[in-house]
Amino acid sequence: MAKEPDYSGPAIKTEGLVKAFGGRQVLSGVDMHVDPGEVLVVIGISGCGKSTLLRSVIGAYRLDGGSVRLLGRDVTTASEDEWLPLRRRLGILFQQGALYTSMSVGENIALPMREHTDLADPVIEIMVRMKLDLVGLGGTEDLMPAQLSGGMQKRVALARALALDPEVMFYDEPTTGLDPIMAGTVNRLITDFNRKLGVTSLVITQDMNCCYAVADRVIMLYEGKVYFNGTVDHLRTSSDPVVEQFVEGRPDGPVSHRSAMASA
Ligand SMILES: Nc1ncnc2c1ncn2[C@@H]1O[C@H](COP(=O)(O)OP(=O)(O)O)[C@@H](O)[C@H]1O
Ligand SMILES: [Mg+2]
């Protein structure tokens, strides 16, 4: 069950977050927050800075302005030592699932436990089994990643992200490249982790089905800022031309991919 947070206020909060690459501002003052127990979905066109926002929040980048609070602590200028105890409370599913190809499924999931805890091997084995059961892949411990389909690899990566029972999960495009049924499975897992395990979640996606399936609240990034913030109902009924164009996938409208210098 969900633990009461040991902090007050949002699980994640950014104020005026600025991040530039080579003098070009990708994020130019992002104010957002995720409440404990909430699933926040971040949408926006390719190259608008969604992954950059995620990496800024988890301390992978030095910011060019603004602040980040995570689990009640100001981490804007946190040192690597200050980050260590915080990072093990986070689970991250990167866009490219990145399993170690030379390790079995079980070894991949055990890795964070071996690195961050001093649990004995038999305990780790049991926990690996539990995590695999959670994602519907019980009994696949001894398979190698190459023997799995893309959707199964994604679920193993999910099980690994859950290895240390994170309080906050970050998902970067969790359904991209999956067939609709596997995408539905992943959406349901995201919802289950949130509802059953109480995991606060930040989900980045361009997949509106994923957005509708998992979101408690949605923000849309556009031109370096939070352009929309509201519920799925607000999103669906918005008459804002930028929001409508994205949500309905219209090729013509105010949004130009050139302005985002799309890459991802
Ligand atoms: N490490 C980096 N170095 C230089 N430019 C980057 C880097 N990461 C992202 N960018 C640029 O920042 C912009 C936003 O990228 P990204 O956050 O990956 O977008 P999204 O995830 O929304 O598709 C893109 O123009 C991308 O080329
Ligand atoms: Mg991205």
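Could you tell me whether the stretch 248-255 includes any residue that is part of a helix (DSSP H, G or I), out of contact with any Leu (no Cβ under 8 Å at 6 or more places or on another chain) and without any contact (Cβ under 8 Å) to a residue 60 or more places away in the chain?
Yes, some residue in the stretch 248-255 is part of a helix (DSSP H, G or I), out of contact with any Leu (no Cβ under 8 Å at 6 or more places or on another chain) and without any contact (Cβ under 8 Å) to a residue 60 or more places away in the chain.
Return the total of residues in the stretch 40-58 being more than 13 Å from ligand 2 (Cβ to nearest atom) and surrounded by 24 or more Cβ atoms within 10 Å (Cβ to Cβ). Walk me through how you get there before you give the answer.
Of the residues in the stretch 40-58, the ones more than 13 Å from ligand 2 (Cβ to nearest atom) are 40-41, 57-58.
Of the ones still in play, those that are also surrounded by 24 or more Cβ atoms within 10 Å (Cβ to Cβ) are 41, 57.
Summing the residues that are more than 13 Å from ligand 2 (Cβ to nearest atom) and surrounded by 24 or more Cβ atoms within 10 Å (Cβ to Cβ) in the stretch 40-58 gives 2.
Given Leu84, Leu70, Leu27, which one is buried (at least 20 other Cβ atoms within 10 Å of the Cβ) and more than 16 Å from ligand 1 (Cβ to nearest atom)?
The match here is Leu70.
Could you list, ordered by first residue, the pairs with Cβ atoms under 8 Å in which the first is in the stretch 160-174 and among the acidic types (Asp, Glu) and the second is in a strand (DSSP E or B), at least 6 apart or interchain?
Listed pairs, sorted by first residue: Glu167/Leu90; Glu167/Thr200; Asp172/Ile92; Asp172/Leu93; Asp172/Ile204; Glu173/Ile204.
Condition first: in contact with a Pro (Cβ under 7 Å, 6 or more places away or on another chain), modelled with pLDDT of 95 or more, surrounded by 16 or more Cβ atoms within 10 Å (Cβ to Cβ) and among the hydrophobic types (A, V, I, L, M, F, W, C). Can you find one or more residues in the stretch 214-228 that meet it?
no
If Leu71 satisfies every condition in (1) at pLDDT below 95; (2) in contact with a Phe, Trp or Tyr (Cβ under 8 Å, 6 or more places away or on another chain) but one, which is the exception?
(1)
The rows are residues; the columns are (1) within 16 Å of ligand 1 (Cβ to nearest atom); (2) polar (S, T, N, Q); (3) under 14 Å from the mean Cα position of the chain (by Cα).
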{"site": "Ile45", "(1), (2), (3)": "yes, no, no"}
{"site": "Leu53", "(1), (2), (3)": "yes, no, yes"}
{"site": "Leu90", "(1), (2), (3)": "no, no, yes"}
{"site": "Leu93", "(1), (2), (3)": "yes, no, yes"}
{"site": "Leu99", "(1), (2), (3)": "no, no, no"}
{"site": "Leu111", "(1), (2), (3)": "no, no, no"}
{"site": "Arg114", "(1), (2), (3)": "no, no, no"}
{"site": "Val123", "(1), (2), (3)": "no, no, no"}
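For Gln147, all conditions in the list (1) under 15 Å from the mean Cα position of the chain (by Cα); (2) more than 16 Å from ligand 2 (Cβ to nearest atom); (3) over 30 Å from Val255 (Cβ atoms) hold save one; what is the number of the exception?
Failing condition for Gln147: (1).
Would you mind finding the one in Ile92, Ile109, Ile126 that is among the hydrophobic types (A, V, I, L, M, F, W, C) and surrounded by fewer than 15 Cβ atoms within 10 Å (Cβ to Cβ)?
It is Ile126.
Just need a number here: residues in the stretch 186-204 that are within 16 Å of ligand 1 (Cβ to nearest atom), among the β-branched types (Val, Ile, Thr) and either surrounded by fewer than 24 Cβ atoms within 10 Å (Cβ to Cβ) or under 22 Å from Ser28 (Cβ atoms) (or both). It would help to see each step written out before you state the result.
So the first thing to find is which residues in the stretch 186-204 are within 16 Å of ligand 1 (Cβ to nearest atom), and the list is 202-204.
Cutting the leftovers down to among the β-branched types (Val, Ile, Thr) gives us 203-204.
So of that shortlist, the ones also either surrounded by fewer than 24 Cβ atoms within 10 Å (Cβ to Cβ) or under 22 Å from Ser28 (Cβ atoms) (or both) come out as 204.
Counting residues in the stretch 186-204 that are within 16 Å of ligand 1 (Cβ to nearest atom), among the β-branched types (Val, Ile, Thr) and either surrounded by fewer than 24 Cβ atoms within 10 Å (Cβ to Cβ) or under 22 Å from Ser28 (Cβ atoms) (or both) gives 1.
The values are calculated or read from the model by the stated rules, or taken from the named source; none is laboratory data. Only a predicted model underlies this, so the values are computations on that prediction, with no experimental measurement involved. Backbone-built Cβ (ideal geometry, glycine too); neighbour counts: all protein chains shown.
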